[in-house]
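Quick notes on the structure that follows.
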């Protein structure tokens with residue numbers, strides 16, 4: 001069964017350092033999402049790609065976060081510099097696109113747990 | 001803007017008992033509604049979804065949910081809970097139009113199952 005792959009699964013870093021997360025969506029899924037899930041809360045969308053283009057990054061803290069999907073397949077989310085408040089689970093999801101009327105099912109990866117010390 | 005409220009942060013039930021998890025949404029048009037389950041340290045798995053049509057939706061693992069437009073609710077139910085159902089459950093609403101399927105999640109309900 002096809003799955004969304006993410007790496008690393010766990011990352012511990014010190015504040016002010018740079019971190020990067022990688023996501024490989026299900027083959028053929030043109031839409032890719034990055035969510036941040038703070039402990040005790042639901043996931044919150046950070047950025048959404050349609051192929052290689054960003055279609056929504058309204059909640060992405062652009063002073064320190066960046067995301068790219070250069071060839072429209074896998075994607076990288078970067079934080080530089082990391083802050084204590086960035087400690088969270090970072091989830092990647094993908095869906096067939098464009099999701100008709102917004103109802104496309106999103107398939108989630110296992111996430112990357114980031115701890116900033 | 002769309003929003004989702006899950007009023008119960010934590011629910012405890014006995015194995016074999018029935019379960020209902022509450023979800024209320026706010027959205028200006030016909031919503032696309034989802035329930036996801038998350039085991040500790042894992043990603044989210046889709047349980048069921050509502051797009052249109054029959055308001056009673058069947059999902060995996062014996063779960064079902066009923067869409068009630070008049071109450072802006074999409075409650076999740078299961079007639080008999082198994083110990084393996086212990087997890088965190090998230091309700092989400094999907095945007096249509098030009099929002100390209102953005103999901104807004106509730107804060108989640110943690111389910112504990114007693115033997």
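Bear in mind these aren't lab numbers, they're just calculated from the coordinates by the rules spelled out. Everything quoted here is computed from the prediction, not taken from an experiment. Note that we place each Cβ from the backbone using ideal geometry, even for glycine, and neighbour counts take in every protein chain shown.
Shielding by partners for peptide B:38-46, expressed as the average number of C-beta atoms from other protein chains within 10 Å of each residue's C-beta, is 6.
As a length-normalised measure over Cα pairs under 8 Å and 6 or more apart, the relative contact order of chain B settles at 37 percent. Spin-label pair residue A:44-residue B:30: with each label point 7 Å from Cα along the Cα-Cβ axis, the two points sit 3.2 nm from one another. Going by neighbour counts of Cβ atoms within 10 Å, the residues A:21, B:51 line up, fewest first, as B:51, A:21.
Within 10 Å of each Cβ in peptide B:104-111, how many partner chain Cβ atoms are there on average? Round it to a whole number, please.
On the way: counts 4, 7, 2, 3, 5, 0, 1, 0.
Rounded to a whole number, the mean comes out at 3.
Each residue, residue B:55 and residue A:16, gets one label point 7 Å from its Cα in the Cβ direction; the gap between the two is 5.9 nm.
As a proxy for reagent exposure, B:25, B:32 were ordered by neighbouring Cβ count within 10 angstrom, fewest first; the result is B:25, B:32. Shape class of chain B from the alpha-carbon gyration tensor: prolate, with a/c at 1.5 or above and a/b greater than b/c. Under a GNM of chain B (C-alpha, springs under 10 Å), which listed residue has the highest mean-square fluctuation: B:86, B:29, B:95? Most flexible of the set in this elastic network: B:29. A full extension of the chain between residue A:53 and residue A:80 corresponds to an added length of 7.6 nm, given 0.36 nm per residue minus the alpha carbon distance. Note on residue A:7 and residue B:70: their simple-model spin labels are 5.5 nm apart, each label 7 Å out from Cα toward Cβ.
Just rank B:11, A:79, A:38, fewest to most, by other beta-carbon atoms within 10 angstrom. Let's see the in-between values first.
On the way: B:11 16, A:79 21, A:38 13.
The fewest-first ordering by Cβ neighbours comes to A:38, B:11, A:79.
Taking the centroid of alpha carbons for each part, segment B:1-56 and segment A:1-31 are 26 Å apart.
Inside 10 Å of the C-beta atoms of A:105-116, what's the mean count of C-beta atoms belonging to other chains?
So the per-residue partner count for this stretch is 3.
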